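Just below is one structure, and these are the notes that go with it.
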Amino acid sequence: MAEGLLRDLLPMHEIFSAGLSTLEGTPADQLALELMWQSGIDISEHRSRNIASWMMREADLVFTMDSEQTEFVISRYPVASKKVERLGEPCGLDIPDPYQHGLSAFCHSLRLIERAVQCRLPGLARNAPCLLN
C-alpha cells in the first residue's frame, strides 16, 4: 500500500518495495487491492519480492514500517545503515503489518501510511529512488 501511494504521489521517482520474508511473486492482498482502489490507486500489478543487496545499493532511501524491521535491515546491510529509517519516523509511528488480520487492520495500516507519507512528502519530493519494506 505504501509503494502504491508513493508511486501515485511521486510519479517522477522510482519507488519499489520488498519484504523481509515473502513468497516471491505473490500479488497484493485482496483487502489492500480494494482499499487502494477506493483511493483511486491500482496496485493490481504488484508482486511480492524479498529484499536483496542490489536494492540496498541502488536505493537512496530505504523505509521500513517499524523499529524491528529497521534494526533487522541495518544489521543485515550495515553499509546502507545511513539510508534506512522508518517511514513513520517524523510522526513517531510504527506501521503494523496487517497481513492476515482482516479489514480493520488494513484500514488502520493504510491510515498510518497516509499520515507517515504526508509527514515525509516535502523531503521525498527531492530524493529518489526509495525502497520500502
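Each reported figure results from applying straightforward, stated rules to the coordinates on display, with no laboratory input. Predicted model, so just to flag it, every value in this text is computed and none were measured. Cβ sites come from the backbone with ideal geometry, for glycine too, and all protein chains shown count toward neighbours.
Taking every residue in segment 66-79 that is of a type in the set (Lys, Arg) and pairing it with any residue that is crowded, with 18+ Cβ neighbours inside 10 Å, at least 6 positions away or on another chain, the pairs with Cβ-Cβ distances below 9 Å are Arg76/Ile51; Arg76/Met56.
Please go through segment 62-112 and pick out each residue that is part of a strand (DSSP E or B) and basic (Lys, Arg). The one that is part of a strand (DSSP E or B) and basic (Lys, Arg): Arg86.
The number of residues in segment 35-47 that are exposed (fewer than 10 other Cβ atoms within 10 Å of the Cβ) and within 22 Å of Gln100 (Cα to Cα) comes to 2. Among the residues of segment 48-97, those that are more than 13 Å from the chain's Cα centre (by Cα), of a type outside the set (Gly, Ala, Ser), surrounded by fewer than 19 Cβ atoms within 10 Å (Cβ to Cβ) and within 17 Å of Glu14 (Cβ to Cβ) comprise Trp54, Arg57, Glu58, Asp60, Lys83.
Pick from Ala32, Ala18: which is out of contact with any strand residue (DSSP E or B) (no Cβ under 9 Å at 6 or more places or on another chain), under 23 Å from Cys119 (Cα atoms) and surrounded by 12 or more Cβ atoms within 10 Å (Cβ to Cβ)? Only one candidate passes the filter, namely Ala32. Does segment 33-41 include one or more residues that are in contact with a Cys (Cβ under 8 Å, 6 or more places away or on another chain), in a loop (DSSP other than H, G, I, E, B) and closer than 17 Å to Met1 by Cα? Among the residues of segment 33-41, not one is in contact with a Cys (Cβ under 8 Å, 6 or more places away or on another chain), in a loop (DSSP other than H, G, I, E, B) and closer than 17 Å to Met1 by Cα, which makes the answer no. Within segment 98-119, the only residue that satisfies the criterion of being over 14 Å from the mean Cα position of the chain (by Cα), surrounded by 15 or more Cβ atoms within 10 Å (Cβ to Cβ) and in contact (Cβ under 8 Å) with a residue 24 or more places away in the chain is Cys119.
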